[in-house]
1. Considering only segment 157-201, state which residues are β-branched (Val, Ile, Thr) and in a strand (DSSP E or B).
2. Inspect all residues belonging to segment 236-249 and state whether any of them is among the small types (Gly, Ala, Ser) and more than 21 Å from Ile106 (Cα to Cα).
3. Would segment 44-61 turn up any residue that is modelled with pLDDT under 95 and of a type in the set (Val, Ile, Thr)?
4. Say we look at segment 176-202 and pick out the residues that are β-branched (Val, Ile, Thr), in contact with a Lys or Arg (Cβ under 9 Å, 6 or more places away or on another chain) and within 20 Å of Gly64 (Cβ to Cβ); which of these is surrounded by the fewest Cβ atoms within 10 Å (Cβ to Cβ)?
5. Going by the structure shown, is Thr172 in contact with a Gly (Cβ under 7 Å, 6 or more places away or on another chain), surrounded by fewer than 16 Cβ atoms within 10 Å (Cβ to Cβ) and among the hydroxyl-bearing types (Ser, Thr, Tyr)?
6. Working only within segment 135-187, note down all residues that are of a type in the set (Gly, Ala, Ser) and in contact with a Ser or Thr (Cβ under 7 Å, 6 or more places away or on another chain).
7. Do we have any residue at all in segment 171-183 that's of a type in the set (Ser, Thr, Tyr), within 16 Å of Arg241 (Cβ to Cβ) and touching a residue at least 12 places away in the same chain (Cβ under 8 Å)?
8. If you take the residues in segment 210-227 that are in contact (Cβ under 8 Å) with a residue 12 or more places away in the chain and part of a loop (DSSP other than H, G, I, E, B), which one is farthest from Glu79 (Cα to Cα)?
Amino acid sequence: MGSLALATALVLAAGCASQTAKPESQAPARQEEPTALSPATNAEPNVTLPPGAAQPPALFEGEGWQAMFDGQTLAGWREVPFAGHGEAHCQAGAVVLSMGDPFTGIAWTNDFPKMNYEVALDAMRVMGSDFFCGLTVPVGETFCSLIVGGWGGSLVGISSLDGMDASENETTRFANFESGRWYRIRLRVTEKKIEGWIDKEKLVDVAIGERKIALRPGDIEMCKPFGLAAWQTAAALREIRYRRVIGPAGKGE
């Protein structure tokens with residue numbers, strides 16, 4: 001074979017070798033094939049609600065109540081971006097807060113009064129052993145939270161009064177809260193008082209006066225100006241309403 005023919009053969013052989021030995025990074029990507037979403041990604045968030053969730057709500061006493069939840073969507077609400085939060089979704093006519101680590105919550109995005117109002121809702125502990133309703137509300141230019149079922153599952157109180165949390169001030173109460181049962185929670189904020197009821201029992205009655213009212217420092221501040229949260233607990237919320245009032249509750253309210 002002449003020198004020219006030999007050189008040509010060597011070039012051809014080198015080209016075949018380079019085509020045969022493609023590096024792995026240039027191999028056809030398997031991602032071109034369609035891939036199914038995992039069930040956790042593809043499915044709607046879902047929590048098994050107890051049979052008590054189907055219990056119809058009690059009537060709202062009095063007039064002027066305005067709905068804040070349509071029973072089907074989170075219109076007017078946003079998820080609070082707590083670190084480690086669970087999912088908030090609508091299910092069976094309720095807002096379900098899946099268990100977070102530690103918080104899951106929602107906050108109202110529309111206008112809400114700063115003073116002289118009453119808010120009420122039904123809340124249920126679905127799973128867990130801590131507060132299933134942390135209701136954060138405005139009190140004039142500041143804020144506070146009504147805690148229901150906290151500190152191990154039974155505490156009720158306002159955080160904070162004069163720097164003292166719900167477990168430390170005169171609003172501290174203890175009650176037995178059953179999982180899987182709806183509780184009607186009602187809070188009334190006026191220029192003179194903060195009043196709160198669970199079902200028909202009045203558990204909070206504190207004169208504002210010169211008291212220093214503020215939120216407990218920390219993540220709960222992300223619920224301002226109006227929000228609902230649960231701590232290491234799955235909760236369900238429904239029938240969220242408010243109305244304007246002109247003063248503290250009268251006798252019999």
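1. Once the filter is applied, which keeps residues that are β-branched (Val, Ile, Thr) and in a strand (DSSP E or B), segment 157-201 yields Ile158, Ile185, Val189, Ile194, Ile198.
2. So the first thing to find is which residues in segment 236-249 are among the small types (Gly, Ala, Ser), and the list is 236, 247, 249.
If we keep only those that are more than 21 Å from Ile106 (Cα to Cα) too, we end up with 247, 249.
Within segment 236-249 (the criterion being among the small types (Gly, Ala, Ser) and more than 21 Å from Ile106 (Cα to Cα)), the answer is yes, since at least one residue qualifies.
3. Yes: segment 44-61 contains one or more residues that are modelled with pLDDT under 95 and of a type in the set (Val, Ile, Thr).
4. Filtering first and then ranking leaves Ile194.
5. no
6. Taking segment 135-187 as the starting set, the residues that turn out to be of a type in the set (Gly, Ala, Ser) are 140, 145, 149-150, 152-154, 157, 159-160, 163, 166-167, 175, 179-180.
Passing the criteria: Ser145, Gly152, Gly153, Gly157, Ser159, Ala166, Ala175.
7. Of segment 171-183, the ones of a type in the set (Ser, Thr, Tyr) are 171-172, 179, 183.
Adding the requirement that they be within 16 Å of Arg241 (Cβ to Cβ) leaves 183.
Then drop every residue that is not touching a residue at least 12 places away in the same chain (Cβ under 8 Å), which leaves 183.
So far as segment 171-183 goes, yes, one or more of its residues are of a type in the set (Ser, Thr, Tyr), within 16 Å of Arg241 (Cβ to Cβ) and touching a residue at least 12 places away in the same chain (Cβ under 8 Å).
8. Arg211
The values are calculated or read from the model by the stated rules, or taken from the named source; none is laboratory data. Just so it is clear, the model here is predicted, and its values are computed rather than measured. Heads up, the Cβs are rebuilt from the backbone with ideal geometry, glycines too, and the neighbour counts pull from every protein chain shown.
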